[in-house]
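Peer 1: Dropping a structure here in structure tokens format, bear with me for questions.
Read-outs throughout are calculated quantities, based only on the coordinates presented, and are distinct from any laboratory measurement. Here the structure is a predicted model, which means the values were calculated and not measured. Heads up, the Cβs are rebuilt from the backbone with ideal geometry, glycines too, and the neighbour counts pull from every protein chain shown.
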Amino acid sequence: MAEQKFKTNPFYDATKDVFKSMLDMDISELKSNGQTGQEENVKIEIALVGDLSGSTIYSFPKSTTLNIVKSLSGMETDTLDDFATSMLGEIANIISGNAVTALSGMNYKCDIKPPQITVGNSAANKDENSVDMLLHSQAGVMREHICLAKS
Amino acid sequence: MVITLWKEKYKIGIPIVDWQHKELFDRVEQFLTALRKNGNWEEKLPEVKKTLVFMQNYVVTHFANEEEYQKKIGYPDFKKHQQIHKEFTNYVMKSAHDFEQEGYKEKEIQKFAGVLLAWLINHVVATDLKMSKYVQKGGVS
């Protein structure tokens, strides 16, 4: 369990802080049912390198994505276009950057790679090294799939 | 399409900086309005280019002014903040250069706009807010 803390806590705290400061939204963790529904998802993978290696995959269902875009830009849109997906990519990048700063305080020095963004229905593959968090905010649900191991 | 970017919550409590942030968000809003309105890309492009340059010039001006202010107040995180500005300015300038070289592809400019907006909002509500906290703690009169 202690092993999992370096995987979940920095990412949960960073997500909570970024959602609060940027969107004025509160984050809470839900019991995971293994999926975020049947909606199309914006999937953002950010690789970590350094003392820890692996990646974090952020999955934002379409409705959550569009609510976030609306909250930040005031724009009503119904499509997952390049503007919307890259905005979410940058938010995931900011969250990961803040999580890496917190990890350095736990003596894990890491860097992040640029976000890789895809749109689709596929879910991240779970394995023994990964931890899933299903999160909820006023924008809707989102999932973080954290797969990290000590290098 | 109605775009409203500026929110009162973005004010950090330093009037000169708040005024410039409002101006910056207004210019980004003009760029996004040109970019996101309905219509043919070729028809929208002249306005997109014009507002892109208008916005990008102000990013440079605002960052320079903010850094001058930080030096004046002896802000201890000045170097770190300056580096963040430098990296983002480089990103904006490189993007503008690439758009020109590659013929202003809509897909790439839409992607750039998404990153730009999220970055700016986070910069104001997180990084610039630290400067404000320093000022409010009595770092400067």
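Peer 1: What percentages, rounded to whole numbers, describe P(r) for the range A:63-131 computed over all alpha carbon pairs with 5 Å bin width beginning at zero?
Peer 2: 3, 13, 18, 18, 20, 14, 10, 3, 1
Peer 1: While we're on this one: Pop the C-beta distance of A:ASN129 and A:ALA102 into the FRET formula with R0 = 22 Å and round what comes out to the nearest 0.05.
Peer 2: 0.65
Peer 1: Would you order B:HIS97, B:HIS62, B:HIS85 from fewest to most other beta-carbon atoms within 10 Å of each residue's own beta-carbon?
Peer 2: B:HIS97, B:HIS62, B:HIS85
Peer 1: In debye, nearest 20, what is the charge dipole magnitude of the protein assembly as shown about its Cα centre with +1 on Lys and Arg Cβ and -1 on Asp and Glu Cβ, if you could check?
Peer 2: Dipole of the protein assembly as shown, to the nearest 20 debye: 700 debye.
Peer 1: Rg over Rh of the protein assembly as shown, using C-alpha atoms and the Kirkwood radius, what does it come to?
Peer 2: 0.97
Peer 1: Nearest 20 debye, what's the magnitude of the dipole of the range A:2-150 about its Cα centre given +1 on Lys and Arg Cβ and -1 on Asp and Glu Cβ?
Peer 2: Dipole size: approximately 340 debye.
Peer 1: As a test of the formula, what do you get for the protein assembly as shown when each DSSP H run with n ≥ 4 contributes -39,500 (n - 2.57) and the sum is divided by the residue count, at 222 nm and rounded to the nearest 500 deg cm²/dmol?
Peer 2: Per the formula, -18500 deg cm²/dmol.
Peer 1: Relative contact order for chain A: what percent, with Cα pairs under 8 Å and sequence separation of 6 or more?
Peer 2: RCO, chain A: 38 percent.
Peer 1: Further question: Neighbouring Cβ atoms within 10 Å as the yardstick, rank B:SER95, A:SER104 fewest first.
Peer 2: By the 10 Å Cβ count, ascending: A:SER104, B:SER95.
Peer 1: Separation of the range B:61-104 and the range A:50-65 by C-alpha centroid, Å?
Peer 2: 28 Å
Peer 1: Which of rounded, prolate, oblate describes chain B, given a ≥ b ≥ c as roots of the alpha-carbon gyration tensor eigenvalues and a/c under 1.5 marking rounded, otherwise prolate only if a/b is larger than b/c?
Peer 2: prolate
Peer 1: If I stretch the segment between A:GLU39 and A:GLN116 completely, what's the gain in nm (0.36 nm per residue apart, minus their alpha carbon distance), one decimal?
Peer 2: Contour length minus the Cα-Cα distance gives 25.8 nm.
Peer 1: Tell me which of B:GLN20, B:GLY39, B:ILE73 sits at the most positive position along the dipole axis of chain B, charges placed on C-beta atoms (Lys, Arg +1; Asp, Glu -1).
Peer 2: Farthest along the dipole direction, towards plus: B:ILE73.
Peer 1: Just need the relative contact order of chain B here, percent rounded to a whole number, with Cα pairs under 8 Å and 6+ apart.
Peer 2: Answer for chain B is 29 percent.
Peer 1: Turning to a different aspect of this structure: Going 7 Å from the Cα of B:LYS9 toward and past its Cβ, which residues in the range A:46-89 have a backbone nitrogen under 12 Å from where you end up?
Peer 2: A:71-73
Peer 1: If you don't mind, another one. Quick one, can you get me the convex hull of the C-alpha atoms of the range A:2-150 expressed as volume per residue in Å³?
Peer 2: It comes to 99 Å³ per residue, whole-number rounded.
Peer 1: In what order do B:VAL60, B:VAL135, B:VAL2 fall by count of nearby beta-carbon atoms within 10 Å, going from fewest to most?
Peer 2: Lowest to highest Cβ neighbour count: B:VAL2, B:VAL60, B:VAL135.
Peer 1: Please give the contour-minus-distance gain from B:LEU129 to B:PHE78: 0.36 nm per residue of separation, less the Cα-Cα distance, rounded to one decimal in nm.
Peer 2: 17.0 nm
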